[in-house]
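The values are calculated or read from the model by the stated rules, or taken from the named source; none is laboratory data. Computed from a prediction, not measured in an experiment: that's the story for all the values here. Note: ideal-geometry Cβ built from the backbone for every residue, glycine included; neighbour counts use all protein chains shown.
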Amino acid sequence: MPRSRFSASLTSPKVDVVIDTGNPFLNLTVDGFLKIGGVAASKAAAEDAYYIVKRGNISRHNFEHTLKKMCKEGAYWGAVAGVYVGMEFVAERIRGTTDWKNAMIGGALTGAMVSAASSNNRDKIVMDAITGGAVATAAQFLNYLT
């Protein structure tokens, strides 16, 4: 029986924004803020566009609501990403090595800081630190696979 093979590769476009503040810590933090903030704003726009089209109601109010949601989501997730990238960079500089442990430390510190900013519940802060570390470590391991 004849056999056939299919081989393909998919590459995503790489978008790089370079802002040189003269400080590598600030460069990475701003880069993380802009990239993830842009993704979050795009996600908010896509969600609202779906609901507007589904309802068939396009108005100035809907547009303003979408714009506010885009700014809010972009700023929030951009800030979280900026803090994470900064914490991972600091962990790397202190430890003097580049490995998955920096991602875990950065994620845990970010989870704790974001949680502490919105809650005084110590158990929640610890749980969010654990979650942040786990998610960052998992993401780092997934990056090693690709």
Exactly one of these conditions fails for Asn120: (1) outside the structural domain of Asn27 (by TED's automatic domain parsing); (2) more than 30 Å from Asn23 (Cα to Cα); (3) not in a loop (DSSP other than H, G, I, E, B). Give me its number. (3)
Thr97 passes all but one of (1) under 20 Å from Val30 (Cα atoms); (2) not in a helix (DSSP H, G or I); which number fails? (1)
Of the residues that make up segment 61-69, is at least one out of contact with any strand residue (DSSP E or B) (no Cβ under 7 Å at 6 or more places or on another chain), in contact (Cβ under 8 Å) with a residue 24 or more places away in the chain, assigned to a helix (DSSP H, G or I) and of a type in the set (Val, Ile, Thr)? no
